[in-house]
Structures are given as C-alpha cells and as structure tokens.
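*Asks:* My structure is below; once you've seen it, I'll send some questions.
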Amino acid sequence: MNKFDVAAYIWPAYTGDEPRTKLFWPEGIGEWQSVKQATRKYPEHTWPRKPVWGYVNEADSYVMEMQINAAADHGVNVFIYDWYWYDSRPFLEQCLNDGYLKARNNDRVKFYLMWANHDAKNVWDKRISHEESTVIWNGAVDRQEFERLAVRLIDKYFKHPSYYTIDNKPVFMFYDIANLLKGLGGAAGVRDALDWFRARVVAEGLPGLHLQVTMWNERTFDASGVDADRTTACVEIVSELGFDSMSHYQYVHFADIDRDYDAIMEDVLKEWARIDQTYAIPYFPHVSIGWDNNPRFQGFRPGIVKNNTPDRIEYALRKAREYVEAHPQQAPLITINSWNEWTETSYLQPDNLYGYGYLQAVKNVFRAGE
C-alpha cells in the first residue's frame, strides 16, 4: 500500500473522440494539433517537443492501460480529471469514460474529478487564441443545472470502486469559486446547493462528500453573486461555503513564474506556510512541473518557467513529502500539475527533452528502495 497519494491532473483533450473539439482542433486529434504545430519562439526556447509515447488517443483504453502502468510504476497513484460541463452537457468526458474507466487495470491508479467550471474561451484555438477574452461557453450554472450535473457525477463516477476518497467520502474539487457564486446566486445559494449535494450523496448510499477547492492568489469575491455590494476575502468565503480541503492547480495562479524554478520554489514554500497558518481546513501541497503556454499561440507569450529540470522537480516533490509528513492528521495527498498539460509545458509524461526524467523524479521521492 502506498504511503502517499500522489495525484496528477489530467487535461482530457488529447483525443478527437468528442465531436465539439473540432471547433478548436479541426484535425480531429484534439489538442495534439497544437502540440504538433508548436515552434521555437526565441533561441533558448525548449520547443518544439515531442511525446515519447507519440500523439496517442487517450480515450483509447489500451493507451490508458499503458499510461496507468507507467504512472503506478513511478509512484503516481491518483489521477485528477479536469471535468467540464458546457451548454447543458458534459464536455471532454471521453478520455475518462472510454479511456480510463474501460482500462482493465484502473484499480492501480485511483481517480477523482475537478470541475473546471471556468468559461471556455478562444485560448484553445491557436488560429484565434490572441482573442482569448471571447467567451464561447459560460462555466457558471444555475441551481437546476447544478442538480442535473451533480446527479450525473454521483451515478456515473462517485460509486466507482476506483474513485478516490478521504475518510471514505468521494472527493470532488471546484476550480472557480467566482463562477460558482455567479451561477448559484451568491454565497447563500452556493452553500445551500453544496448542502443539497452532500445530502444527495448520502441518500445514494455513500458516507458523505469531501469538497475541495482550488486555491489561487489571495483575492476577494463578490459574495452576492449579482453585484459588488458585499465583497468577501478568500479565507472567509472558503469557510462560509463549507469546503473540506484545498490545493492548487498551478503555480501560475499565485506566483511570478517568469523566473528560474529555484526562485519560484522559495515563494511556493512561503505560500504553503501562509495557507497553513491562515486557513482552518487542510491544505494539500501542490507541485507544478512548469509553465509555458506558447504552443497555444502563434506569437510569443511572455511568462515562462526556467530551468525546471527533473532534479529541481525532485526537490519540489521532496518538500511536498516533508509537508505531508509534518501534517500526519490529514490525508497524505500531494497534487501535481500535471500528467499531460503539454500545451502549458507542465507534464510528467516522457518527452524528447528529458525522457522519463520527471517520472523518475516522482519515483525517487515516493518509491525509493522498491
């Protein structure tokens, strides 16, 4: 049994099986299209890169069986799937439904969901990504829609034997607090909806529901959900809404990432300590592999993590392990961005630059001596 739960986010867009993806990637191979088209933007730029495993369809169960084995063998034992709901129906579920869930070995790596409830914008379409403020689908949902999607989550995922739990309760993560407030009518509406969600899970025979929130920078929220008549600090809204725990999704959400990885890590460690002192609920330490979203744009995009070599990632993972060991009262969970965020240059999968270096770093920290 693993002593640590090492959870890597999955961006489920490396498949052409979802028809609506052709809106962004008309070649029919999902966002691999942008990866294949990525070019060097300046002399020291480390793009173009190529996946060692090829431009595979991650909605293929045979592909996912290989990836599950690679993950488990190197110490990654949880996948966190980005999960989407746009225009009254799910988006990009095929990677999970047809890939992971049909894989014969999915008992080796558990999974849980992060509802990526942000607006969908042009940033996914390289042809017009410079117009990234244009909203294609809204991520906010009203109460009726929330209940519809919640029932789907319970019926289709939470009861699966490989669904990740804390205290036997399925874990479900929210990405965008602001959109929750906007869609559900402010803090009171969100709290009522989440209380209903918890009760519905129990009514379906499960022990309860562990609700997790994605931390960004320390900011204020429009608690009314309608106008700015009541702004609330992040620490207050997290408490008011009743979340059970928190983690990060990406360093870029709170740190200046246009620097050397060592310098970024100094700020990351300070942020972990600040959160630990400020919030009453558990924080699960997060490690980002890097950041460079130039593959999504034709022109140069500033803001790139430098020198994020496997040895520096190993250092970050060791610090995350130390954090977990210093908090024995909470679940031994660590989140990583990510398994496959190629177009943001933050992935564990092997490439032609470092080979299996990032996966080996995970293994060195969490499976040493095996």
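*Asks:* Condition (residue is touching a strand residue (DSSP E or B) at 6+ places or on another chain (Cβ under 8 Å), over 26 Å from PHE24 (Cα atoms) and either part of a helix (DSSP H, G or I) or without any contact (Cβ under 8 Å) to a residue 40 or more places away in the chain (or both)) applied to the stretch 345-368: is it met by at least one residue?
*Replies:* yes
*Asks:* What's the number of the condition ILE237 fails, among (1) aliphatic (A, V, I, L, M); (2) in a loop (DSSP other than H, G, I, E, B); (3) surrounded by 14 or more Cβ atoms within 10 Å (Cβ to Cβ); (4) more than 20 Å from the chain's Cα centre (by Cα)?
*Replies:* Among (1) aliphatic (A, V, I, L, M); (2) in a loop (DSSP other than H, G, I, E, B); (3) surrounded by 14 or more Cβ atoms within 10 Å (Cβ to Cβ); (4) more than 20 Å from the chain's Cα centre (by Cα), ILE237 violates only (2).
*Asks:* When ARG49 is evaluated against the numbered criteria (1) closer than 19 Å to PRO295 by Cα; (2) touching a Leu at 6+ places or on another chain (Cβ under 6 Å); (3) surrounded by 19 or more Cβ atoms within 10 Å (Cβ to Cβ); (4) of a type outside the set (Val, Ile, Thr), which criterion, by number, is the only one it fails?
*Replies:* Evaluating ARG49 over (1) closer than 19 Å to PRO295 by Cα; (2) touching a Leu at 6+ places or on another chain (Cβ under 6 Å); (3) surrounded by 19 or more Cβ atoms within 10 Å (Cβ to Cβ); (4) of a type outside the set (Val, Ile, Thr) leaves (3) as the failure.
*Asks:* Taking the stretch 243-267 as the search range and keeping residues that are part of a helix (DSSP H, G or I) and touching a strand residue (DSSP E or B) at 6+ places or on another chain (Cβ under 8 Å), which one is surrounded by the most Cβ atoms within 10 Å (Cβ to Cβ)?
*Replies:* TYR251
*Asks:* Moving to a separate point now. In the stretch 199-213, which residues are surrounded by fewer than 18 Cβ atoms within 10 Å (Cβ to Cβ) and part of a helix (DSSP H, G or I)?
*Replies:* Answer for the stretch 199-213, where residues must be surrounded by fewer than 18 Cβ atoms within 10 Å (Cβ to Cβ) and part of a helix (DSSP H, G or I): ALA199, ARG200, VAL202, ALA203.
*Asks:* Of all residues in the stretch 124-142, which are of a type in the set (A, V, I, L, M, F, W, C), touching a Lys or Arg at 6+ places or on another chain (Cβ under 8 Å) and in a loop (DSSP other than H, G, I, E, B)?
*Replies:* Correct list: ALA140 only.
*Asks:* Mind telling me which of the residues ARG274, ARG301, ARG321 ends up being more than 30 Å from SER239 (Cβ to Cβ) and either part of a loop (DSSP other than H, G, I, E, B) or not β-branched (Val, Ile, Thr) (or both)?
*Replies:* From the options ARG274, ARG301, ARG321, the qualifying one is ARG301.
*Asks:* Being at pLDDT below 95 and farther than 23 Å from ILE136 by Cα is the filter here; which residues of the stretch 18-53 pass it?
*Replies:* None; the set is empty.
*Asks:* Looking at the structure I just gave you, is ILE289 surrounded by 16 or more Cβ atoms within 10 Å (Cβ to Cβ) and under 21 Å from THR46 (Cα atoms)?
*Replies:* Yes, satisfied.
*Asks:* What pairs come up if the first residue lies in the stretch 242-266 and is under 18 Å from HIS45 (Cβ atoms), the second is of a type in the set (Gly, Ala, Ser), and their beta carbons are under 8 Å apart, counting only those six or more places apart or on different chains?
*Replies:* Within 8 Å, the pairs are VAL252/SER288; VAL252/GLY303; ILE257/GLY303; ASP258/GLY303; TYR261/GLY290; TYR261/ALA316.
*Asks:* Additional query: Could you please let me know if ASN179 is modelled with pLDDT under 95 and under 25 Å from ILE275 (Cβ atoms)?
*Replies:* For ASN179, the condition - modelled with pLDDT under 95 and under 25 Å from ILE275 (Cβ atoms) - is not met.
*Asks:* Tell me, which residue of the stretch 109-134 that is free of Cβ contacts under 8 Å to residues at least 24 places away in the same chain and within 21 Å of the chain's Cα centre (by Cα) is farthest from PHE300 (Cα to Cα)?
*Replies:* The extreme case among them is LYS121.
*Asks:* Continuing with the same structure: What about GLU93, is it modelled with pLDDT under 95 and acidic (Asp, Glu)?
*Replies:* No, not satisfied.
*Asks:* I'm checking my understanding of the structure. Among residues of the stretch 317-370 that are of a type in the set (A, V, I, L, M) and more than 24 Å from ASP267 (Cβ to Cβ), which one is surrounded by the most Cβ atoms within 10 Å (Cβ to Cβ)? So that I can check it myself, show each step before the final result.
*Replies:* Narrowing the stretch 317-370 to residues of a type in the set (A, V, I, L, M): 317, 320, 324, 326, 331, 333-334, 336, 348, 353, 359, 361-362, 365, 368.
Next, only the ones that are more than 24 Å from ASP267 (Cβ to Cβ) stay: 331, 353, 359, 368.
Details: ALA331: 18, LEU353: 14, LEU359: 23, ALA368: 8.
Among those that are of a type in the set (A, V, I, L, M) and more than 24 Å from ASP267 (Cβ to Cβ), it is LEU359.
The values are calculated or read from the model by the stated rules, or taken from the named source; none is laboratory data. Just so it is clear, the model here is predicted, and its values are computed rather than measured. No Cβ is skipped: glycine too gets one built from the backbone with ideal geometry, and neighbour counts run over all protein chains shown.
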